[in-house]
Amino acid sequence: MIYIGIDTGVTTGFAVWDPTLQVFLEVTSMKIHTAMFRVLSLKKEYGEQNINVLVEDARLRKFFKGENTSAKSQGAGSVKRDAKVWEDFLKDYNIPCELINPMRNTTKTTKEYFKSITKWSKITNEHSRDAGMLVFGMKENLISKMKRTKKNTYDK
């Protein structure tokens, strides 16, 4: 059983977490289509009942704080589109997912902090660390509970 974290954007953050071993199997970044092929590969390897994808969904963010708020809002448009693309893709391929409000995730961690809490020593970037933080520390029983309740955010 695995969790897959997706940080949407021009560079897609991608992380795979094993809740049984409590370790990352993968923390990287790639183009969106490559990430989608990777999800399909993991679905085939683990089976659709043994994966759950958590996608950071900028559509759930209601406001921006700080400097350059209008620039951030404009940049968020493409990220919002990517979240919709991911939602449609996961639904079409019957892959369980949860769409996560960016405000619920710890983002923009430094490589030093990420390494200290996760013990992942390979190279990361901001996007891969954000994807990793979506799934870091998840427990296997949460996946089972989500499967039993069919809590796919696209089941509306």
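The values are calculated or read from the model by the stated rules, or taken from the named source; none is laboratory data. Keep in mind it's a predicted model, so treat the numbers as computed, not measured. FYI the Cβ positions are ideal-geometry reconstructions off the backbone, even for glycines, and counts take in every protein chain you see.
Data overview
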{"quantity": "Neighbours by Cβ (under 9 Å, 6+ apart or cross-chain): first from the stretch 17-35, more than 19 Å from Phe114 (Cβ to Cβ); second exposed (fewer than 13 other Cβ atoms within 10 Å of the Cβ)", "calculated": "Lys31/Val10; Ile32/Val10"}
{"quantity": "Of all residues in the stretch 80-94 being under 13 Å from the mean Cα position of the chain (by Cα) and under 25 Å from Met1 (Cβ atoms), the one that is surrounded by the fewest Cβ atoms within 10 Å (Cβ to Cβ)", "calculated": "Glu87"}
{"quantity": "Evaluation of Leu40 against (1) of a type in the set (A, V, I, L, M, F, W, C); (2) within 14 Å of the chain's Cα centre (by Cα); (3) part of a helix (DSSP H, G or I); (4) more than 13 Å from Val85 (Cα to Cα) (one fails), failing number", "calculated": "(2)"}
{"quantity": "Pairs where the first residue, in the stretch 77-106, is on the phi > 0 side of the Ramachandran plot and the second is not hydrophobic (A, V, I, L, M, F, W, C), C-beta under 8 Å, 6+ apart", "calculated": "Asn94/Glu48"}
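This table checks each residue for (1) of a type in the set (A, V, I, L, M); (2) assigned to a helix (DSSP H, G or I); (3) modelled with pLDDT of 85 or more.
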residue: Gly13; (1), (2), (3): no, no, yes
residue: Val55; (1), (2), (3): yes, no, yes
residue: Lys62; (1), (2), (3): no, no, no
residue: Lys72; (1), (2), (3): no, yes, no
residue: Phe114; (1), (2), (3): no, yes, yes
